[in-house]
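Values quoted throughout were computed directly from the atomic coordinates according to the rules given, and no laboratory measurement underlies them. Because the structure is predicted, anything quoted here is derived from the model rather than measured. Every residue, glycine among them, receives a Cβ derived from its backbone with ideal geometry; neighbour counts consider all protein chains shown.
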Amino acid sequence: MVEALPIMSSSPVLELRGLTKVYDGKFTALSDVDLSIQPGEIFALLGPNGAGKTTLIGSVCGLVNKTRGKMLLFGKDLDEDPVGPRHQVGLVPQEINFDPFFTVAESLYIQQGYYGQRKDEARVKEVLTALNLHTKADALTRALSGGMKRRLLIAKALVHRPRLVFLDEPTAGVDVELRRDLWTYVRKLAAEGTTIVLTTHYLEEAEELADRVGVINEGRLLLVEEKHALLRRLGEKRLVVTFTQPVTTLPEAARIPGITLAEDGLSLVYAEREGCAPAGDLLRALYTQGLPVCDVETRHSRLEDILIDILRGKPSSAPSSAA
Ligand SMILES: Nc1ncnc2c1ncn2[C@@H]1O[C@H](COP(=O)(O)OP(=O)(O)OP(=O)(O)O)[C@@H](O)[C@H]1O
Ligand SMILES: [Mg+2]
């Protein structure tokens with residue numbers, strides 16, 4: 001049995017300092033990444049294809065040899081102890097990669113052995129049930145559907161009760177139901193104290209699950225911020241007002257920054273940001289001045305809009321901190 005490492009709730013589960021990876025001596029996939037992951041949090045690492053997410057995860061899990069920098073896992077320097085701390089990490093890899101000749105249950109027993117644990121049938125049953133795979137326990141892994149293979153990857157990552165789990169695009173190609181089931185399961189794990197690092201291109205997934213968000217692009221960590229703070233800081237409410245007749249000029253009270261009147265005068269858009277006049281003030285001004293309002297529609301920007309702004313380097317999206 002692997003001895004549990006002491007839990008020190010205040011110290012980070014994972015700390016990266018100046019983590020750099022140069023592939024083949026010429027391509028920098030990770031550049032000086034500093035990042036701390038706190039116990040029990042769900043951290044979403046977001047970025048476009050090729051940003052360096054899988055390279056970062058691979059470095060921590062020992063699948064990629066870092067070029068420079070320090071990695072402290074549960075407070076232990078991975079240069080000094082590359083094996084012990086990694087026994088308490090689970091990885092759902094982006095690529096499906098298991099031996100097709102074992103059954104589902106066998107592959108989970110093998111995984112327990114691989115992490116230095118005894119065969120634990122109850123745990124295997126529990127994980128398979130949680131992932132709705134229990135009816136396939138005796139099926140050969142090659143006989144699983146694509147989505148079921150993805151579920152098995154998740155089961156393999158969790159069966160040894162890791163304290164830190166990397167989910168590298170865990171829901172790529174899975175149905176809506178599994179996505180929802182997985183979200184529920186991830187929340188349960190986090191509530192029990194498991195730390196989760198998630199990468200995903202489904203931004204609603206990050207929006208739904210994450211406590212904090214990190215944005216990476218071309219190997220550089222551009223921003224790390226608490227999700228709600230980020231949505232408050234960079235998100236905006238968009239108010240679209242349509243008129244029954246063209247409006248040529250807006251009344252003085254409605255001429256506030258953030259308003260754009262359409263060229264044909266039949267609508268206006270107001271982008272309400274933190275610290276700006278509330279949309280209600282604008283509506284009041286429009287009604288009291290007797291403008292011919294026909295319809296009002298509001299929309300809140302989502303993480304997706306914000307990520308695009310950050311990646312495009314919109315100045316207002318400048319990072320407040322990056323660690
Ligand atoms: N073994 C390798 N040898 C050379 N270059 C590599 C290797 N693995 C990854 N890269 C390059 O490093 C960069 C980062 O790749 P990585 O897989 O970390 O991106 P990612 O953020 O996970 O992307 P995706 O969202 O597509 O999964 C890419 O440009 C990729 O081509
Ligand atoms: Mg990847």
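Just to be sure I understand: of the beta bridges DSSP finds with both ends in the chain, what percent are antiparallel, rounded to 5? All intermediate terms of the calculation are to be shown ahead of the outcome.
Numbers: 37 of 54 bridges.
Roughly 70 percent of the DSSP beta bridges within the chain come out antiparallel.
Among the lysines, which have Cα under 28 Å from the Cα of Lys26 when same-chain residues fewer than 8 positions away are ignored?
Reachable lysines: Lys53, Lys66, Lys70.
Under 10 Å, Cα contacts only: if you run a Gaussian network model on the chain, which one of Asp138, Asp264, Asp181 comes out with the highest mean-square fluctuation?
Among Asp138, Asp264, Asp181, the largest mean-square fluctuation in the Gaussian network model of the chain belongs to Asp264.
Just to check I understand the Karplus step: with θ = phi - 60° and J = 6.51 cos²θ - 1.76 cosθ + 1.60, what whole-Hz values come out for the stretch 32-39, glycine and proline as x?
6, 7, 10, 7, 10, 10, 8, x
Among Ala254, Ala206, Ala130, which one moves the most in a GNM of the chain with springs linking Cα atoms closer than 10 Å?
Ala254
Expected output is a single nm value to one decimal: the length gained when fully extending between Trp183 and Asp24, i.e. 0.36 nm times separation in residues minus the C-alpha distance. What is it? Could the numbers behind the result be given before it?
Working: separation 159, 0.36 × 159 = 57.24 nm, distance 3.71 nm.
Answer, rounded to one decimal: 53.5 nm.
Quick one: grab the alpha carbon gyration tensor of the stretch 18-88, order the square roots of its eigenvalues as a ≥ b ≥ c, and give me rounded if a/c is under 1.5, else prolate or oblate depending on whether a/b is larger than b/c. Working shown, then result.
Working: a/c = 1.94, a/b = 1.23, b/c = 1.58.
Judged from the Cα gyration tensor, the stretch 18-88 comes out oblate (a/c at least 1.5, b/c at or above a/b).
Counting alpha carbon pairs within less than 8 Å and at least 6 residues apart, what relative contact order, in whole percent, applies to the stretch 14-232?
Details: 397 pairs, mean separation 64.8, N = 219.
Normalised by residue count, the contact order of the stretch 14-232 is 30 percent.
Is the stretch 14-232 rounded, prolate or oblate when judged by the Cα gyration tensor, a ≥ b ≥ c being the square roots of its eigenvalues, rounded requiring a/c under 1.5 and prolate requiring a/b larger than b/c? Provide the component values of the computation, followed by the final result.
Numbers: a/c = 1.69, a/b = 1.40, b/c = 1.21.
Prolate shape, in that a/c is at least 1.5 and a/b is the bigger ratio.
From the square roots a ≥ b ≥ c of the eigenvalues of the alpha-carbon gyration tensor of the stretch 96-147, which class results: rounded (a/c under 1.5), prolate (a/b over b/c), or oblate? Intermediate results must be reported in sequence, preceding the final value.
On the way: a/c = 2.02, a/b = 1.26, b/c = 1.60.
Judged from the Cα gyration tensor, the stretch 96-147 comes out oblate (a/c at least 1.5, b/c at or above a/b).
Counting other Cβ atoms within 10 Å of each Cβ, which GluC sites (Glu not before Pro) in the stretch 214-323 have at most 16 and sit in a DSSP loop? Before the final figure, lay out the partial values.
Working: sites: Glu218, Glu225, Glu226, Glu236, Glu252, Glu263, Glu272, Glu274, Glu297, Glu304; in loops: Glu218, Glu236, Glu263, Glu274.
Qualifying residues, ordered by number: Glu218, Glu263, Glu274.
Compute the separation of the alpha-carbon centres of the stretch 246-316 and the stretch 121-181 and state it in Å as a whole number.
Result: 46 Å between the Cα centres.
Subtracting the Cα-Cα distance from 0.36 nm times the residue separation, let me have the gained length for Glu263 to His201 in nm, one decimal. Provide the component values of the computation, followed by the final result.
Details: separation 62, 0.36 × 62 = 22.32 nm, distance 3.60 nm.
Roughly 18.7 nm would be gained on extension.
Within a 10 angstrom radius of the beta carbon, how do Phe27, Phe98, Phe74 rank from fewest other beta carbons to most? If you can, show how the numbers build up before the last one.
On the way: Phe27 9, Phe98 18, Phe74 24.
Lowest count first: Phe27, Phe98, Phe74.
Write out the trypsin sites (Lys or Arg not before Pro) in the stretch 92-125 meeting two conditions: DSSP loop, and at most 10 other Cβ atoms within 10 Å of their Cβ.
Sparse-neighbourhood loop trypsin sites (Lys or Arg not before Pro): Arg118.
Could you check the simple spin-label distance between Ala271 and Phe102, using points 7 Å along Cα→Cβ, in nm with one decimal?
5.2
Quick one: which residues, 5+ away or cross-chain, put their amide H under 5 Å from the amide H of Arg220? H built at 1.01 Å from N.
Correct list: Ser31.
Can you pull out the GluC sites (Glu not before Pro) in the stretch 1-102 that DSSP calls coil and that have at most 14 other Cβ atoms within 10 Å?
Values: sites: Glu3, Glu15, Glu41, Glu80, Glu95; in loops: Glu3, Glu41, Glu80, Glu95.
The qualifying sites are Glu3, Glu80, Glu95.
Based on other C-beta atoms within 10 Å, arrange Thr242, Thr260, Thr55 from fewest to most. Could you put the intermediate results ahead of the total?
Values: Thr242 14, Thr260 10, Thr55 20.
Ascending Cβ contact count within 10 Å gives the list Thr260, Thr242, Thr55.
Quick check: residue separation of Asp211 and Arg284 times 0.36 nm, minus the Cα distance between them. What number comes out in nm?
In short, 22.7 nm is gained.
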